[in-house]
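First comes the structure, then the notes that go with it.
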Amino acid sequence: MDRPDIYTRLTELGVALPTATFPAAAYTMCTQSGKLAYLSGHLAKQDGIVWKGRLGETLTTQDGQLAARAVAIDLLATLHAQIKDLNQVRRIVKMTSLVNSTPAFTEQHLVTNGASEFFAEVFGESGKHARSAFGVTQLPLDACLEIELIAELN
Amino acid sequence: MDRPDIYTRLTELGVALPTATFPAAAYTMCTQSGKLAYLSGHLAKQDGIVWKGRLGETLTTQDGQLAARAVAIDLLATLHAQIKDLNQVRRIVKMTSLVNSTPAFTEQHLVTNGASEFFAEVFGESGKHARSAFGVTQLPLDACLEIELIAELN
Amino acid sequence: MDRPDIYTRLTELGVALPTATFPAAAYTMCTQSGKLAYLSGHLAKQDGIVWKGRLGETLTTQDGQLAARAVAIDLLATLHAQIKDLNQVRRIVKMTSLVNSTPAFTEQHLVTNGASEFFAEVFGESGKHARSAFGVTQLPLDACLEIELIAELN
């Protein structure tokens with residue numbers, strides 16, 4: 001794959017990967033099965049704190065897009081902690097985006113673009129993924145957004 | 001597999017596959033990883049337009065079943081565009097059905113049968129899949145239903 | 001894997017697997033593709049009857065944890081019916097937990113721990129999985145909880 005080095009690309013994009021977080025409970029942030037890495041739903045955070053709120057109520061679509069980009073960066077941090085070398089990501093396979101929404105908010109797809117576009121920026125064509133985006137009643141800890149991911153590794 | 005030709009079967013069922021749609025954003029309607037095809041969540045459409053509404057409010061369970069069948073046809077159209085020959089579908093593995101629901105609507109499973117039964121009609125035993133169906137607060141563009149799919153290929 | 005026999009472990013935990021249920025409609029409770037088993041969303045049950053209610057309204061977090069453990073047992077029963085020998089489970093890969101929630105209920109993760117901890121008790125390290133947990137508007141038959149699972153087999 002004639003794809004530029006991912007860490008160089010992240011630097012170009014001005015992105016510093018945070019330290020990956022670890023769950024308190026009896027689950028993990030990432031499992032591998034064959035060539036697939038399954039990443040747990042990651043809650044949106046701002047400055048390391050859960051990004052609370054509901055789209056259509058306390059947050060705008062633009063807020064949500066920033067939150068989605070932040071989650072995407074955290075997902076990469078988890079994947080880096082798991083596989084040590086993000087250049088081993090063959091492609092982003094599937095994203096599921098759960099948007100904390102009022103019944104009237106209908107822009108879950110635009111919110112989720114904040115994450116989808118980030119993966120395309122970082123991985124190019126191999127960052128393009130299947131995805132679903134939908135509105136949920138509420139998320140753990142009142143988070144505004146939760147995104148899970150499946151990535152294929154070399 | 002002694003399964004009849006899928007295109008013949010679609011004709012028998014009176015189903016004409018529409019042209020597959022393409023997303024505007026940085027994602028795709030289908031990715032492949034190994035033998036699995038992951039299809040993005042497809043919004044219900046009627047005559048090419050997003051089928052809006054909420055189950056338990058503006059739409060009945062029967063409406064929802066028709067919407068589910070319509071989404072299933074669109075999913076097949078996407079899969080056909082991706083793999084060119086639907087006879088190469090080994091089995092439908094998993095369906096996830098997101099039903100735009102009021103808090104009082106409890107027939108998401110009946111709505112989703114509209115899609116499940118379609119796949120059984122088309123693919124026979126190999127169309128039987130694992131699935132989840134649940135009520136969501138809202139969907140992109142006020143769609144009444146969104147379904148995603150995993151299919152295994154030969 | 002130096003893991004104790006799973007049926008011995010279940011007996012130690014005082015867990016008797018119920019008879020697996022079968023769906024009425026055109027889907028199945030479990031499909032296999034390669035080494036992965038995909039389990040349909042299982043609704044919480046109590047004494048064989050759908051466990052109804054909504055978290056934050058008619059049910060507490062502790063109720064939800066018991067419901068989650070009950071679903072986890074039913075998931076194991078389905079997996080046992082499918083593969084005949086639970087010792088062939090290599091690992092629990094992914095859990096998705098759909099919690100019937102009011103817009104104010106923010107403890108979906110704590111509810112879901114009831115299932116996650118059960119799998120860790122039964123399978124040890126190989127029971128630790130990636131997961132997502134979120135609040136849904138409503139579930140089929142007014143169930144309080146629905147959990148789906150992906151497991152890897154030997």
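A short reminder: the numbers here are calculations on the coordinates, not readings from a lab. Note that the structure is predicted; figures quoted are calculated from it, not measured. Note: ideal-geometry Cβ built from the backbone for every residue, glycine included; neighbour counts use all protein chains shown.
DSSP finds beta bridges in chain B, and of those with both partners inside it, around 70 percent are antiparallel.
Charge dipole (Cα centre; +1 on Lys/Arg Cβ, -1 on Asp/Glu Cβ; no other charges) of the protein assembly as shown amounts to roughly 720 debye. Putting +1 on Lys and Arg Cβ atoms and -1 on Asp and Glu Cβ atoms, find which of A:Gln88, A:Leu141, A:Leu17 reaches farthest to the positive end of the dipole of chain A. So the residue furthest toward the plus end is A:Gln88.
Were the residues from C:Leu17 through C:Gln62 laid out at 0.36 nm apart, the gain over their Cα-Cα distance would be 14.0 nm.
With respect to the axis carrying B onto C, what is the closest chain B residue by Cβ position, and how many angstrom separate it from the axis? Nearest residue, distance rounded to whole Å: B:Thr137, 3. What net charge is computed for the residues neighbouring B:Ala104, neighbours being all others with C-beta under 13 Å from the C-beta of B:Ala104, Lys and Arg scored +1, Asp and Glu -1? Counting the neighbours of B:Ala104, the net charge comes to -1.
With the label put 7 angstrom out from Cα along the Cα-to-Cβ vector, B:Gly48 ends up 5.4, 5.4 nm from the copy partners, going from closest to farthest. A straight line joining the Cα centroids of the range A:86-154 and the range C:79-154 runs 21 Å.
Helical content alone sets the calculated 222 nm signal of the protein assembly as shown at -10000 deg cm²/dmol, taking -39,500 (n - 2.57) per DSSP H segment of four or more residues and averaging over every residue.
Taking Cβ atoms as reference points and 14 Å as the exclusive limit, the residues near B:Asn154 contribute a net charge of +3, counting Lys and Arg as +1 and Asp and Glu as -1.
Where does the charge balance sit around C:Ala72 when Lys and Arg score +1, Asp and Glu -1, over other residues with C-beta under 10 Å from its C-beta?
That sum, taken over residues with Cβ under 10 Å, equals -2.
Between A:Ile73, A:Ile92, A:Ile83, the GNM of chain A built on Cα springs shorter than 10 angstrom shows A:Ile83 fluctuating the most. Pairs of lysine residues in chain B that meet both criteria, 8 or more places apart or on different chains and Cα atoms under 27 Å apart, total 10. In chain C, the longest principal axis of the Cα atoms and the axis of helix C:108-123 are about 20 degrees apart.
For chain C, modelled as a GNM whose springs connect Cα atoms under 10 angstrom apart, the maximal fluctuation among C:Gly53, C:Gly64, C:Gly34 occurs at C:Gly34. Distances between copies at C:Asp85, taken between label points 7 Å from Cα along the C-beta direction, are 3.7, 3.7 nm in increasing order. What separates the B:Phe22 label point from its copies, with the point 7 Å along Cα to Cβ, is 4.6, 4.6 nm, written shortest first.
Given the protein assembly as shown, what percent of its DSSP beta bridges are antiparallel, to the nearest 5? The antiparallel proportion sits near 70 percent.
Largest GNM mean-square fluctuation among B:Ser101, B:Ser132, B:Ser116, using chain B with Cα springs under 10 Å: B:Ser132. Principal-axis analysis of the Cα atoms of chain A puts helix A:61-83 at an angle of about 30° to the longest axis. Measuring nothing but how far apart in sequence close Cα pairs (under 8 Å, 6+ apart) lie, relative to its length, chain C scores a relative contact order of 35 percent.
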